[in-house]
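Working notes, structure below.
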Amino acid sequence: MSLRDEAASNLVKEITATTPTRARRVFSKWRKTEHVQSQMSGEEAVSLIISSELTKSQYKILRDTAISHGHKLYPSYETVKKAKFVVYPDGILATEDACEVNMKALLLHTASRIVASVFIAPSIEK
């Protein structure tokens, strides 16, 4: 039996073996405790969309479903669109037939993203 199972078992014993109002008080206390929900950053959402090959419509359905279940995990698509501009390098020239990126701009962008991730990563772990 794991520690969590044992704690749950002890809680059930306490609720059922003590006064009749004990269960109500325990439940009331549990409801008042804050359940921390965190929201994905825009960059995390962009990463999810790219790795899962989600369309805009699929992402919105996923987000709306999570919200309807009381979870604000996914940021709005507007936030995702803003994050895309940060993730992609400047100077992309795209046509119907080809896409070109200046090598210097690409390397500068890649290096700056790596440096930024090194300085951001420790703050995420806290």
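Every read-out reported here was derived from the displayed coordinates using simple, explicitly stated rules and does not represent laboratory data. These numbers come from a predicted model, not from an experiment. Cβ sites come from the backbone with ideal geometry, for glycine too, and all protein chains shown count toward neighbours.
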Equivalent ellipsoid semi-axes, the range 38-87, via Cα gyration tensor eigenvalues times 5, rooted, Å:
17, 12, 9
For residue 106 and residue 67 in one chain, what is 0.36 nm times their gap in residues minus the Cα-Cα distance, to one decimal in nm?
10.4 nm
J(HN,Hα) series, the range 77-87, from Karplus relation 6.51 cos²θ - 1.76 cosθ + 1.60, nearest Hz, glycine and proline x:
5, 4, 5, 5, 4, 5, 5, 4, 5, 6, 6
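Using Cβ contacts closer than 10 Å as the measure, can you line up 108, 93 from fewest to most?
On the way: 108 14, 93 9.
Taking fewest neighbouring Cβ atoms as first place, the list is 93, 108.
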For the chain, report the % of Cα-Cα distances exceeding 18 Å.
72
Given the rule -39500 (n - 2.57) for each run of at least 4 DSSP H residues, summed and divided by the residues of the chain, what is its mean residue ellipticity at 222 nm, to the nearest 500 deg cm²/dmol?
-21500 deg cm²/dmol
Which whole-number percentage describes the relative contact order of the chain, with Cα contacts under 8 Å and a sequence gap of 6 or more?
17
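Could you list the GluC sites (Glu not before Pro) in the range 29-100 that lie in coil according to DSSP, counting only those with at most 13 other Cβ atoms within 10 Å of their Cβ? Please list the in-between numbers first.
On the way: sites: 34, 43, 44, 53, 78, 96, 100; in loops: 34, 53, 96.
Here the sparse-neighbourhood loop sites are 34, 53, 96.
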